Ligand code: FPP
C-alpha cells in the first residue's frame, strides 16, 4: 500500500480527452477540425508534462467504443494518429519521450500496427516522460484479457494476487495514475483505466480538449496538490 501523503507533482497523469466535436460545432466547423485542434493540444500537453516533471502521461486517444463512430470519423482519427506519429516522433524522441501503446493496436491494420511498434522500439530507452497512448483501449477488455492470461498460464486460483494480476494488464510496469483528468464537463470514466484508477484523484474540467494546454494542465496540478490522498487509510 502506498504511503499516506499529499504529493505536490503527480508522477502519472491520465487524461480522457473529450470535447473535440463540441469545440468544432461551436465554431460551425466539421468534427474533423476539432480532432485536428485536439492533436495540437496533445503536443502542448506532452510539453507541459515534461516541463512540470510528470513522469508518465496516459492519453485516451481512441476507445474500444470509438469504432462505432461513422467510418468517416474513424478514418479521420486514424489519419490524425498516423500523421501525429510521423510528424512528432523525432521531436518526441529528442525530448526524451518513451512511447508506449496500450489497447488492441492490431485493429488499426498491419501498417499502422508496425509503425506504432517501431515507434515504441525507437523510444524504448528514453526516460524523461513515458507517453502512454491508449488506442482501441477498453478497461474491461484489459481486465478480461489479463484474466484469460492468468487462466491460460495454469496458475492456481489461490496464487492470483492483486500484484501478479496487475502484471498481466496492458499497463504492466507503469505505476497507477495519481491524477485522472477528463475535459469537456462530462463526469464519467467511460471504460478507461478501470483497475488502475482505483485510488486516482479525479478532476473534471469544463475546458474542451482543443483548448487544453500549459495553463489548464498547471491548474490541474495545482488542484491535485491540494488533495489529501489516503488510499483508504486514516491519518494516525
Ligand atoms: C473526444 O472528442 C476525443 C476523441 C474521440 C479522441 C481524442 C482524439 C484526439 C485528441 C485527436 C488526435 C489524437 C492524437 C493522438 C493525435 P469527441 O469527438 O468525443 O467530442 P464531443 O464529445 O464534443 O463530440
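General remarks:
- Criterion violated by residue 221 - all others in (1) surrounded by 13 or more Cβ atoms within 10 Å (Cβ to Cβ); (2) in a helix (DSSP H, G or I); (3) over 17 Å from the mean Cα position of the chain (by Cα) satisfied: (3)
- Search result, residues across the range 40-63 that are within 12 Å of the ligand (Cβ to nearest atom) and either closer than 13 Å to residue 95 by Cβ or part of a helix (DSSP H, G or I) (or both): 40, 41, 42, 43, 44, 45, 46, 57
- Contact map, the range 22-48: first residue under 15 Å from residue 60 (Cα atoms), second residue more than 9 Å from the ligand (Cβ to nearest atom) and modelled with pLDDT under 95, Cβ cut-off under 6 Å, separation 6 or more or different chains; the map is empty.
- Of all residues making up the range 204-218, the number that are surrounded by fewer than 20 Cβ atoms within 10 Å (Cβ to Cβ) and over 10 Å from residue 183 (Cβ atoms): 4
- Against the list (1) touching a residue at least 60 places away in the same chain (Cβ under 8 Å); (2) away from the ligand (no atom under 15 Å from the Cβ); (3) closer than 18 Å to residue 196 by Cβ, the condition residue 128 fails is (3).
- The requirement of being assigned to a helix (DSSP H, G or I), under 22 Å from residue 171 (Cβ atoms) and more than 11 Å from the ligand (Cβ to nearest atom) is fulfilled nowhere in the range 74-81; no residue meets it.
- Here residue 37 passes the criteria (1) on the phi > 0 side of the Ramachandran plot; (2) surrounded by 15 or more Cβ atoms within 10 Å (Cβ to Cβ); (3) more than 8 Å from the ligand (Cβ to nearest atom) except the one numbered (1).
- Filtering the range 188-218 to residues that are within 16 Å of the ligand (Cβ to nearest atom) and not in a loop (DSSP other than H, G, I, E, B) leaves 204, 209, 210, 211, 216, 217.
- Sole residue being part of a loop (DSSP other than H, G, I, E, B) and either touching a residue at least 12 places away in the same chain (Cβ under 8 Å) or under 25 Å from residue 37 (Cα atoms) (or both), chosen from 185, 154, 173: 185
- Annotation: of all residues in the range 10-29 being surrounded by 15 or more Cβ atoms within 10 Å (Cβ to Cβ) and assigned to a loop (DSSP other than H, G, I, E, B), the one that is farthest from the ligand (Cβ to nearest atom) is 10.
- Residues of the range 73-111 satisfying the condition of being over 27 Å from residue 54 (Cβ atoms), surrounded by fewer than 18 Cβ atoms within 10 Å (Cβ to Cβ) and in contact (Cβ under 8 Å) with a residue 24 or more places away in the chain: 73, 78, 107
- Some residue of the range 120-127 being in a helix (DSSP H, G or I) and in contact with a strand residue (DSSP E or B) (Cβ under 7 Å, 6 or more places away or on another chain): yes
- Scanning the range 50-72 for residues being in contact (Cβ under 8 Å) with a residue 60 or more places away in the chain and over 21 Å from residue 172 (Cβ atoms) gives a total of 6.
The values are calculated or read from the model by the stated rules, or taken from the named source; none is laboratory data. Just so it is clear, the structure is predicted and the values come from calculations on it, not from any experiment. Here Cβ is always computed from backbone atoms with ideal geometry, including for glycine, and neighbour counts include all displayed protein chains.
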